[in-house]
Amino acid sequence: MRATIWRLTWALAFRRRRLLIWNLLVPVLLLVPVVTSGAAAAHRAVVVAVFVTFFGAYGSCIPLIRDGMTGWAEKVWLTGYGGRRWLAERTLASVAIDWVQLLPANLLLALLIGTSASETLALLVATAVALLFANLLGVLVATLVRALGEAALGCAVVSLFALHLTGVFRTPAPGSWWAVIEDLSPLRPLHEMWVGTLSGGPGPVAAVGVLPGLTLVLFLLLTIVVGNRLARRVAATGSAG
């Protein structure tokens, strides 16, 4: 059987209907009032960037920790399915599910603020890029902690630090190392596109720049290369707890 973990993750996401409805409604209830408010465009864009990053990081990390604590990750490991394969399928499925769950909020916001079709598509692509990076951050946190409380705190710290490096909370001096790091961040396209869109300008059409895309690819490849080791650490959570 191919992509077993991918299909299982999707099936579980849609069978847990209460959680699914909650994950569909919360982005709408939180983002729509903020994005359509009269606050400064920069402030509204910060809220979107923070929410998407947290949504992806928590959505990846917490289920992984639970898989480790319940022994499910260890059982998959013992079947010989392959830690790298399990982690890759689970992470990619998590990214896709997160994107689908944010889709109603994104489309509603695009309708309410009047973005063009190209701008809406670009925002959706940038959201996918940000979610993939955030999910990978969640995987990293899951390999470093051993409890749900630690995972929640770890995701918050890592996500906020990544957003800070992206320039979400401050503008780095031109030509500085901080500016270089900001240019490399996969979270930057989402933040800058929302700033541009909410500022009343034409809005960017290109969803992802070369440097953020390259950083994301390298980060993904590194996660896959060390996937067996990461999966082993997640599987060890149950015995450690």
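Condition first: touching a residue at least 40 places away in the same chain (Cβ under 8 Å) and either touching a His at 6+ places or on another chain (Cβ under 7 Å) or over 15 Å from Gly138 (Cβ atoms) (or both). Now tell me which residues in segment 60-83 satisfy that.
Those that are touching a residue at least 40 places away in the same chain (Cβ under 8 Å) and either touching a His at 6+ places or on another chain (Cβ under 7 Å) or over 15 Å from Gly138 (Cβ atoms) (or both): Met69, Thr70, Gly71, Glu74, Val76, Trp77, Tyr81, Gly82, Gly83.
Of (1) crowded, with 16+ Cβ neighbours inside 10 Å; (2) not in a helix (DSSP H, G or I); (3) not aromatic (Phe, Trp, Tyr), Leu140 satisfies all except one. Which?
(2)
Confirm whether Ser94 is among the hydroxyl-bearing types (Ser, Thr, Tyr) and either surrounded by 18 or more Cβ atoms within 10 Å (Cβ to Cβ) or under 26 Å from Leu19 (Cα atoms) (or both).
Yes; evaluated as a whole, the condition is true for this residue.
Just name the residue that is farthest from Leu29 (Cα to Cα) out of those in segment 109-121 that are surrounded by 14 or more Cβ atoms within 10 Å (Cβ to Cβ) and touching a Ser or Thr at 6+ places or on another chain (Cβ under 9 Å).
Glu119
Counting only residues that are of a type in the set (Val, Ile, Thr) and modelled with pLDDT of 95 or more, which one in segment 144-158 is farthest from Arg188 (Cα to Cα)?
Within segment 144-158, the match that is farthest from Arg188 (Cα to Cα) is Val157.
For segment 197-212, name all the residues that are modelled with pLDDT under 90 and either buried (at least 16 other Cβ atoms within 10 Å of the Cβ) or under 21 Å from the mean Cα position of the chain (by Cα) (or both).
Those that are modelled with pLDDT under 90 and either buried (at least 16 other Cβ atoms within 10 Å of the Cβ) or under 21 Å from the mean Cα position of the chain (by Cα) (or both): Gly203, Pro204, Ala206, Ala207, Val208, Gly209, Val210, Leu211.
Hey, among Phe133, Phe169, Phe161, which residue is part of a loop (DSSP other than H, G, I, E, B) and either surrounded by 18 or more Cβ atoms within 10 Å (Cβ to Cβ) or aromatic (Phe, Trp, Tyr) (or both)?
It is Phe169.
Let's see how each residue does on (1) in contact with a Phe, Trp or Tyr (Cβ under 8 Å, 6 or more places away or on another chain); (2) within 16 Å of Leu92 (Cα to Cα); (3) assigned to a helix (DSSP H, G or I):
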site	(1), (2), (3)
Leu20	yes, no, yes
Val32	no, no, yes
Gly38	no, no, no
Val48	yes, no, yes
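Please determine, by comparing only the residues of segment 42-61 that are surrounded by fewer than 20 Cβ atoms within 10 Å (Cβ to Cβ) and of a type outside the set (A, V, I, L, M), which one is nearest to Leu25 (Cα to Cα).
Per the stated criteria, the residue is Phe51.
Considering each residue of segment 21-36, count those that are more than 20 Å from Leu111 (Cβ to Cβ) and more than 17 Å from the chain's Cα centre (by Cα), and give that number.
Selection size over segment 21-36: 2.
Only one residue in Val129, Val168, Val139 is touching a residue at least 60 places away in the same chain (Cβ under 8 Å), farther than 30 Å from Gly83 by Cβ and under 17 Å from the mean Cα position of the chain (by Cα). Which one?
Just one listed residue meets the conditions, Val168.
Going by what's in this entry, would Ser118 be described as outside any helix (DSSP H, G or I) and more than 20 Å from Arg7 (Cα to Cα)?
no
Quick test for you: out of Ala88, Ala39, Ala117, pick the one residue that is within 24 Å of Ala13 (Cα to Cα) and of a type in the set (A, V, I, L, M).
Ala88
Is it true that some residue in segment 10-30 is among the aromatic types (Phe, Trp, Tyr), in contact (Cβ under 8 Å) with a residue 60 or more places away in the chain and more than 20 Å from Leu160 (Cα to Cα)?
yes
Regarding segment 100-113, can at least one residue be identified that is under 13 Å from the mean Cα position of the chain (by Cα), assigned to a helix (DSSP H, G or I) and not β-branched (Val, Ile, Thr)?
Among the residues of segment 100-113, at least one is under 13 Å from the mean Cα position of the chain (by Cα), assigned to a helix (DSSP H, G or I) and not β-branched (Val, Ile, Thr), which makes the answer yes.
The values are calculated or read from the model by the stated rules, or taken from the named source; none is laboratory data. Computed from a prediction, not measured in an experiment: that's the story for all the values here. Cβ sites come from the backbone with ideal geometry, for glycine too, and all protein chains shown count toward neighbours.
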